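Engineer: Before I ask anything, here is the structure I am working with.
The values are calculated or read from the model by the stated rules, or taken from the named source; none is laboratory data. None of these values were measured; they are calculated from a predicted model. All Cβ positions, glycine included, derive from the backbone under ideal geometry; neighbour counts span all protein chains shown.
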Amino acid sequence: MGSKRPHLSRQQVLQPLGNLVSLPEFLGQAIRQQTAIDVLYHAPNAERPETHRITPQAIEERGGYTYVIGYAHNRHAQRTYRLDRMEVPGTITAG
């Protein structure tokens, strides 16, 4: 029998409740709390969005776009996501 690997343990997933919050505000909260979130990501050339569980680590701007850098739980690696392609139910994009 193998032991559970710590980086794959089930973590609390932060999702917005109640009133709508802005997506940047919600991501900032997840970064401060180092908490995983579920997002819908609209990748270019994809027919429909995919669900990703990420733990956001930073938000940065470059080339006129805002990016979220985070740990992708499905890929077990750090990935970069464009903010305008992300959707989290219960949030709004304008802040």
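Engineer: Of 95, 2, which residue is in contact with a helix residue (DSSP H, G or I) (Cβ under 9 Å, 6 or more places away or on another chain) and modelled with pLDDT under 95? Even if it seems obvious, please write down each step before you answer.
Structural biologist: Numbers: 2 fails: in contact with a helix residue (DSSP H, G or I) (Cβ under 9 Å, 6 or more places away or on another chain).
One residue alone meets the criteria, 95.
Engineer: Among the residues of segment 5-49, write down those that are more than 12 Å from the chain's Cα centre (by Cα) and at pLDDT 90 or above.
Structural biologist: 32, 33, 42, 43, 44, 45, 46, 47, 48, 49
Engineer: What are the pairs with Cβ atoms under 6 angstrom where one residue, in segment 70-85, is under 13 Å from residue 56 (Cα atoms) and the other, located anywhere, is hydrophobic (A, V, I, L, M, F, W, C) and buried (at least 17 other Cβ atoms within 10 Å of the Cβ)? Sequence gap at least six, or different chains.
Structural biologist: Every condition considered, the pairs that remain are 70/54; 72/54; 81/68; 83/68.
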